[in-house]
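Everything below concerns the one structure shown next.
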Amino acid sequence: MTGRLRALLARRASPARWGHVPALPALAFFIALGLDEGIPTVLYLATLGAVCLLQLVRPTLLGWALLFVLFVLSTVSTLYTAAFYTSHGVSIDRHQYVLLLASGGVPSATLLLARPRTQGNERGAVLLALTLAALMIAPLFTAIL
């Protein structure tokens, strides 16, 4: 088990770094939106912004998973919220919807394409990283869930 935990924090190859670049402006946008939610949300998102910056210098599997889960959940929650509103007859602003969808979808796609590669002895490390990340990121989406 300690081998898998070490695999989560081991330095990854540099090609995985470019996938984090679109996440930086998206996180800045989410932090600006989080100001309406309160200080805990802003601190949570600012911490993820710091993780994203660290990923540019020292990419790890756990850091990638945290950001990937954040942006996937953001995209899913945007789709769910828009579907919920439109099904109840509430109109939505298409421009805001597209902006929110792109803010989650573009970083999700680039992070998926630039995902860190694991070695043969790191079997199950990606699943472990995604599970831990989901447990850490889910509190941001408790109002949606």
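The values are calculated or read from the model by the stated rules, or taken from the named source; none is laboratory data. Just so it is clear, the structure is predicted and the values come from calculations on it, not from any experiment. A quick note on method: Cβ atoms are made from the backbone with ideal geometry, for glycine too, and the neighbour counts reach across all protein chains shown. The protein model used for the area step is the full one, side chains on, heavy atoms only, and it has no ligands, DNA or RNA in it. Shrake-Rupley method; radii C 1.70, N 1.55, O 1.52, S 1.80 Å.
The Cα-based radius of gyration and maximum Cα-Cα distance (Dmax) for region 51-95 are 15.7, 47 Å. Between residue 33 and residue 90, the FRET efficiency from the beta-carbon distance, with R0 = 25 Å, is close to 0.85.
So with the 1.4 Å probe, I'd like the accessible area per residue for region 82-145, rounded to whole Å². Let's see the in-between values first.
Details: 4320 Å² over 64 residues.
Averaged over the residues of region 82-145, the accessible area is 68 Å².
Applied to region 48-61, the Karplus parametrisation 6.51 cos²θ - 1.76 cosθ + 1.60 on θ = phi - 60° returns per-residue 3J(HN,Hα) values of 5, x, 5, 4, 5, 5, 5, 5, 5, 8, 9, x, 10, 5 Hz, with x for Gly and Pro.
First measure r as the distance between the Cβ atoms of residue 83 and residue 13, then evaluate 1/(1 + (r/R0)^6) with R0 = 35 Å and state the FRET efficiency to the nearest 0.05. Let's see the in-between values first.
Details: r = 38 Å, r/R0 = 1.09.
Plugging the Cβ-Cβ distance into 1/(1 + (r/R0)^6) gives 0.35.
Result for the chain in a Gaussian network model with C-alpha springs under 10 Å: among 110, 131, 86, the largest mean-square fluctuation is at 86.
Each part reduced to its alpha carbon centroid, region 94-108 and region 36-67 end up 19 Å apart. Give the long-range amide H neighbours of residue 10: residues separated by 5 or more places, or on another chain, with amide H under 5 Å away, using H modelled in the peptide plane at 1.01 Å from N. Under 5 Å from the amide H of residue 10 lie the amide H atoms of 61, each far enough along the sequence or on another chain.
Its alpha carbons give the chain an Rg and a Dmax of 15.9, 52 Å. Based on DSSP H segments of at least four residues, each scored -39500 (n - 2.57), the chain has a per-residue ellipticity at 222 nm of -23000 deg cm²/dmol.
In whole percent, how big is the carbon plus sulfur part of the accessible area of region 61-145, probe 1.4 Å, protein atoms only?
Working: 3320 of 4960 Å².
Answer for region 61-145: carbon and sulfur cover 67 percent of the accessible area.
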